[in-house]
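The values are calculated or read from the model by the stated rules, or taken from the named source; none is laboratory data. Quick caveat: nothing in here was measured; it's all calculated off a predicted structure. Here the Cβ positions follow ideal geometry from the backbone for every residue, glycine too, while neighbour counts run over all protein chains shown. Accessible surface is based on the protein model in full, side chains and every heavy atom, while ligands, DNA and RNA are left aside. Shrake-Rupley method; radii C 1.70, N 1.55, O 1.52, S 1.80 Å.
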Amino acid sequence: MITGLAVSIFVVLTIVALLHAYWAFGGRWPGHDEPSLARMVVGSKGITTMPARGPTLAVAVVIFLAGVVALARADLVAVPLPPMLRSVAVTALAVVFLGRGIASFTPWFRASQSEEPFATLDRRLYGPLCLALGTGFAVLVA
């Protein structure tokens with residue numbers, strides 16, 4: 001069960017990381033131009049441009065590495081970290097993803113990320129996905 005869960009988390013996070021890399025290099029899907037993409041995937045009030053390439057690539061790398069941590073927890077890849085630090089990393093990722101998922105349903109987050117269609121997508125897709133990933137990492141902690 002741990003192996004399948006870790007692989008599933010890795011696959012999902014790799015897809016999300018690849019999307020971020022695509023956007024960093026000018027990709028516009030699922031939007032049709034930069035303002036529509038920014039409103040769809042960033043959602044900050046009044047946003048018209050995507051974040052710069054560097055930060056977007058950094059996010060892609062961090063998301064991908066989170067998936068690698070899941071694989072490492074299942075002993076599917078070797079990482080140069082002691083087991084205790086791997087456990088801390090898995091726990092931290094569970095907290096981060098669960099926190100981000102919960103934030104999707106709080107008034108303060110929704111007020112700051114109120115641009116449509118992001119607000120709707122966040123409640124229907126992004127938030128629940130983060131909750132599922134956070135739950136998956138929490139299972140990997142055990």
Open item on the list: Return the residues of segment 37-71 that are within 17 Å of residue 10 (Cβ to Cβ) and modelled with pLDDT under 95; say none if nothing qualifies.
Closed with: none
TODO: Could you run through segment 87-123 and say how many residues are open to solvent by 60 Å² or more (accessible area, probe 1.4 Å) and touching a Gly at 6+ places or on another chain (Cβ under 7 Å)?
DONE: 1
Open item on the list: Please determine whether any residue of segment 108-119 is under 15 Å from residue 8 (Cβ atoms) and within 16 Å of the chain's Cα centre (by Cα).
Closed with: no
- [ ] Only residues that are among the acidic types (Asp, Glu) and closer than 19 Å to residue 17 by Cα: list them for segment 91-142, please.
- [x] 122
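Just give me the residues in segment 24-41 being open to solvent by 30 Å² or more (accessible area, probe 1.4 Å) and either touching an Asp or Glu at 6+ places or on another chain (Cβ under 7 Å) or not in a helix (DSSP H, G or I) (or both), in sequence order. So that I can check it myself, show each step before the final result.
Taking segment 24-41 and keeping what is open to solvent by 30 Å² or more (accessible area, probe 1.4 Å), we get 25-26, 28-30, 32-35, 39-41.
25, 26, 28, 29, 30, 32, 33, 39, listed by residue number.
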- [ ] Could you list, in sequence order, all residues of segment 44-65 that are under 24 Å from residue 114 (Cα atoms), open to solvent by 60 Å² or more (accessible area, probe 1.4 Å) and not in a loop (DSSP other than H, G, I, E, B)?
- [x] 53, 55, 59
Open item on the list: Just to be sure I understand, how many residues within segment 66-78 are open to solvent by less than 40 Å² (accessible area, probe 1.4 Å) and either part of a loop (DSSP other than H, G, I, E, B) or of a type in the set (Val, Ile, Thr) (or both)?
Closed with: 3
Open item on the list: I'm checking my understanding of the structure. Among residues of segment 1-22 that are β-branched (Val, Ile, Thr) and surrounded by 14 or more Cβ atoms within 10 Å (Cβ to Cβ), which one is nearest to residue 55 (Cα to Cα)?
Closed with: 16
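Output the residues belonging to segment 124-142 that are more than 12 Å from the chain's Cα centre (by Cα) and either open to solvent by less than 10 Å² (accessible area, probe 1.4 Å) or aliphatic (A, V, I, L, M) (or both). Outline the logic, then answer.
The first filter runs over segment 124-142 and keeps only residues more than 12 Å from the chain's Cα centre (by Cα), leaving 124, 135-142.
Of everything in segment 124-142, those that are more than 12 Å from the chain's Cα centre (by Cα) and either open to solvent by less than 10 Å² (accessible area, probe 1.4 Å) or aliphatic (A, V, I, L, M) (or both) turn out to be 136, 137, 138, 139, 140, 141, 142.
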Open item on the list: List the residue pairs whose Cβ atoms are under 8 Å apart, where the first residue sits in segment 98-124 and is over 25 Å from residue 137 (Cβ atoms), the second is of a type in the set (Val, Ile, Thr), and the two are 6 or more positions apart or on different chains.
Closed with: 115/42; 115/47
